[in-house]
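Single-structure report; data block below.
What follows draws every value from the coordinates through simple rules; no lab data is involved. Since the model is a prediction, treat every value here as computed from it, not as a measurement. Here Cβ is always computed from backbone atoms with ideal geometry, including for glycine, and neighbour counts include all displayed protein chains.
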């Protein structure tokens with residue numbers, strides 16, 4: 001008898017025709033060869049569970065865009081997913097492979113206008129990993145099938161296998177399918193429907209630049225910090241500057257820097273500028289940068305005319321929102337990474353010390369869950385976003401640019417307005433998840449900066465931790481002082 005999705009799940013998956021002897025079969029099929037999918041596959045490989053990863057592009061480096069991300073407390077989780085031999089080469093994935101990760105370091109946040117140090121977040125072993133290198137690193141010795149775009153899932157008539165069909169006419173059958181195909185996940189659309197699976201657009205945007213500089217310019221920019229520095233501007237802007245590729249320590253003119261500015265931008269404004277050229281995007285952030293201090297001001301001013309430019313509006317998908325809880329088709333399909341919980345890049349894709357940590361914490365958790373399922377016939381539960389944070393709510397108050405929340409606020413999950421020369425009044429709130437808030441170092445980071453900026457008192461934060469961390473969601477009150 002064919003296995004139908006339960007009525008309460010509401011999916012409309014098809015039923016596969018009689019199986020063919022040529023049908024490729026595996027225990028776990030992972031759709032998407034991003035860091036999450038590859039890390040999960042490495043963990044399964046170590047557990048001797050057969051696994052295939054499929055990728056829609058023709059190769060891992062098919063797309064030109066690249067970026068880097070931080071890894072802090074996720075180190076242990078990643079290490080548990082790969083072999084010792086692979087782990088021993090992690091240094092090669094760093095933005096500067098010649099500079100070993102310091103035992104401890106400080107991520108500095110300065111006033112973008114004056115250059116005054118606001119705070120420095122102390123961290124142990126803070127890695128900076130290039131995404132392109134990280135994917136190649138995690139792809140080693142895995143069974144990856146390229147040029148396979150997901151179309152649909154059907155179910156075999158004789159057993160519990162899910163049969164995934166691709167646009168090239170091929171199919172792969174698996175006991176468990178994991179959708180790790182990004183923020184606009186096709187697998188999520190199958191599970192929830194197009195409307196419920198859609199991302200939510202946010203009134204924030206950013207323009208990123210990659211550029212090389214002259215030897216003297218590169219040395220000057222890097223003198224502020226060898227890897228990264230961030231700025232909160234009183235005008236409601238946020239900027240970050242760091243290394244992207246410093247492979248040759250003797251030739252600074254070959255180094256590639258990674259920097260951006262983010263700002264509040266209404267959805268109407270985003271729509272009106274949707275057709276802007278890269279040159280227009282570049283000129284816009286260069287104009288913003290003229291009010292910044294160095295190194296940010298000079299980085300944008302000196303950026304080469306042919307530098308790479310990327311712009312995008314921010315968006316998210318909250319799995320905890322109403323209508324977003326997916327059924328797993330009888331324990332045979334689930335989601336991971338951005339497919340399960342899309343967050344803004346500050347909380348998700350770039351410099352924050354949470355994204356890559358979350359990848360490996362969740363990948364490690366899912367790898368263990370899959371093992372339990374495969375070996376003990378235990379149905380996998382949907383991974384909740386306990387280790388994640390998501391932005392909630394928006395201020396209804398209309399504010400001029402200088403009073404708008406900064407990208408820094410998004411980064412920490414606390415929205416702050418920035419009156420000139422002050423960082424005090426919060427006009428947005430968030431609902432961070434209790435496990436992350438109470439059990440990770442992120443709470444300490446938030447506390448340190450929120451207190452330093454006069455957003456909340458130490459006593460209020462301690463009371464909030466005790467009283468609210470047991471609830472599903474935790475919200476800062478409007479009257480924070």
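Once the piece of chain linking residue 23 and residue 321 is laid out straight, how much longer is it, given 0.36 nm per residue of separation minus the C-alpha distance between them?
On the way: separation 298, 0.36 × 298 = 107.28 nm, distance 3.77 nm.
Extra length from residue 23 to residue 321 when fully extended: 103.5 nm.
For residue 290 and residue 195, compute 0.36 nm times the residue count separating them, minus their Cα-Cα distance, and round to one decimal in nm. Provide the component values of the computation, followed by the final result.
On the way: separation 95, 0.36 × 95 = 34.20 nm, distance 4.13 nm.
This chain segment gains 30.1 nm when fully extended.
Annotation for residue 98 and residue 223: the two label points, set 7 Å from Cα along the Cα-Cβ direction, are 1.9 nm apart.
Globularity index of the stretch 200-316 is 1.08 (Cα radius of gyration / 2.2 N^0.38 Å, N = number of residues). Sorted fewest first by neighbouring Cβ atoms within 10 angstrom, 257, 288, 296 come out as 288, 257, 296. Neighbour counting of Cβ atoms within 10 Å sorts the residues 329, 44, fewest neighbours leading, into 329, 44. Projecting label points 7 angstrom from Cα along Cα→Cβ for residue 76 and residue 310 puts them 3.1 nm apart.
Between residue 62 and residue 125, what is 0.36 nm times their sequence separation minus the Cα-Cα distance? Round to one decimal in nm.
Numbers: separation 63, 0.36 × 63 = 22.68 nm, distance 3.10 nm.
Between residue 62 and residue 125, full extension yields 19.6 nm more.
With a simple spin-label model that places each label point 7 Å from the Cα along the Cα-to-Cβ direction, the separation between residue 277 and residue 136 comes to 3.3 nm.
The fraction of all Cα pairs in the stretch 13-163 landing in successive 5 Å bins from 0 to the largest distance is 2, 8, 14, 16, 15, 13, 10, 8, 6, 4, 2, 2, 1, 0, given as whole percents. In terms of surrounding Cβ atoms within a 10 Å radius of their Cβ, 209, 52 rank from fewest to most as 52, 209.
Could you compute the FRET efficiency for residue 50 and residue 152, with r as their C-beta to C-beta distance and R0 at 25 Å, rounded to 0.05? Mind showing how you got there, number by number?
Details: r = 23 Å, r/R0 = 0.90.
After rounding, the FRET efficiency stands at 0.65.
Above 26 Å, the calculated P(r) of the stretch 90-206 contains 53 percent of its Cα-Cα pairs. Just so you know, the Cα atoms of the stretch 281-332 work out to an Rg and Dmax of 20.5, 56 Å.
In the stretch 190-317, Cα pairs under 8 Å separated by at least six residues give a relative contact order of 40 percent.
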